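Undergrad: One structure, pasted below without further comment.
The values are calculated or read from the model by the stated rules, or taken from the named source; none is laboratory data. In this text the structure is predicted, and so the values were computed from the model without any measurement. Glycine gets a Cβ as well: all are built from the backbone with ideal geometry, and neighbour counts include every protein chain shown. Heavy atoms of the whole protein, side chains included, go into the accessibility calculation; ligands, DNA and RNA do not. Shrake-Rupley method; radii C 1.70, N 1.55, O 1.52, S 1.80 Å.
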Amino acid sequence: MLEVGTKAPLFTLPDKDGQEINLADYLGKKIVLYFYPRDNTPGCTRQACAFAAAYEEFKRQDIVVIGISKDSAASHLKFAEKHNLPFILLSDPELQAIQAYDVWKEKKLYGKVNMGVVRTTYIINEEGIIEKVMPKVKPDTNAAEILEYLAETH
């Protein structure tokens, strides 16, 4: 995991529509950057839907929400359409941002060890500095925990 106070690594990745999105374009805004394992899996769907449900509040506070997985842009498009996801989903099949943010880890599932994305959320401040790291977040409560944290600190 990257540490609080670290400059957030910049990246450019395609969104669900294939448009290149550069993290540097959001300097000056607070960013919620969340990494998740896979589109349309139960936990990832619950997490994305929780962000969608809280999206108006994030928007009201001028906060950019970005989800990243190694799924393709086409997969993201289907995922976003199926669940009415209003925020940015970025495709990172080459693990550019996933590795830069140190969320590509060994995971054990049913006794097998695989490499995969560990569900992690970073809050990046307006200057591009990591303000909060939330490792191994729970899909159902992640969005609410972020809003609670922001209410307490800002």
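Undergrad: Taking H as built 1.01 Å from N, whose amide H comes closer than 5 Å to the amide H of I21, not counting residues under 5 places away?
TA: L13, D15
Undergrad: A further question on this structure: Could you pull out the GluC sites (Glu not before Pro) across region 66-154 that fall in loop regions by DSSP (anything but H, G, I, E, B) with no more than 16 other Cβ atoms inside 10 Å?
TA: Here the sparse-neighbourhood loop sites are E94, E126, E127.
Undergrad: For K59 and M1, compute 0.36 nm times the residue count separating them, minus their Cα-Cα distance, and round to one decimal in nm.
TA: 18.2 nm
Undergrad: Amide H to amide H, which residues 5 or more places from V65 or on other chains are under 5 Å from it, using H placed in the peptide plane?
TA: Under 5 Å from the amide H of V65: V32, I88.
Undergrad: Which listed residue (F51, F79, V64) has the Cα farthest towards the positive end of the charge dipole for region 36-79, taking +1 on Lys and Arg C-beta and -1 on Asp and Glu C-beta about the Cα centre?
TA: The listed residue farthest towards the positive side: F79.
Undergrad: For K16, list the lysines whose Cα falls under 19 Å from its own Cα; do not include residues on the same chain fewer than 8 positions away.
TA: Answer for K16, where 19 Å is the Cα cut-off: K70, K78, K82, listed by chain and number.
Undergrad: Same structure, new question: Run through the DSSP bridge list for the chain and note the antiparallel percent, rounded to the nearest 5.
TA: 70
Undergrad: Let me ask something else about it. Taking a ≥ b ≥ c as the square roots of the eigenvalues of the Cα gyration tensor of region 1-51, is the shape rounded (a/c under 1.5), prolate (a/b larger than b/c) or oblate?
TA: oblate
Undergrad: Please report the relative contact order for the chain, taking Cα pairs under 8 Å with a sequence separation of at least 6, and give it as a percent rounded to a whole number.
TA: 34
Undergrad: Also, quick follow-up: Mind checking which of R38, R119, R60 has the largest fluctuation in a GNM of the chain, springs on alpha carbons under 10 Å?
TA: Taking springs between Cα atoms under 10 Å, the residue moving most is R60.
Undergrad: Further question: Under 1.5 on a/c is rounded, so check that first for region 31-83, then, if it is not, pick prolate when a/b is larger than b/c and oblate when it is not; a ≥ b ≥ c are the square roots of the alpha carbon gyration tensor eigenvalues.
TA: Here region 31-83 falls in the prolate category.
Undergrad: Now for a separate question. Subtract the Cα-Cα distance of E145 and E20 from 0.36 nm times their separation in residues, and report this length gain in nm to one decimal.
TA: Length difference between fully extended and current span is 42.1 nm.
Undergrad: Checking the a/c ratio against 1.5 first, then a/b against b/c, what shape does the Cα gyration tensor give for region 80-126?
TA: In terms of gyration-tensor shape, oblate.
Undergrad: Here is a follow-up. Can you send over the carbon and sulfur percentage of the accessible area for the chain, probe radius 1.4 Å, protein chains only?
TA: 51
Undergrad: For N40, list long-range residues whose amide hydrogen, built 1.01 Å from N in the peptide plane, is under 5 Å from its own amide hydrogen.
TA: Under 5 Å from the amide H of N40: T45.
Undergrad: Separate question: With no solvent and one point per C-alpha, what does the Debye sum give as log10 I(q)/I(0) for the chain at q = 0.17, 0.18 Å⁻¹?
TA: Those come out to -0.97, -1.10, one per q.
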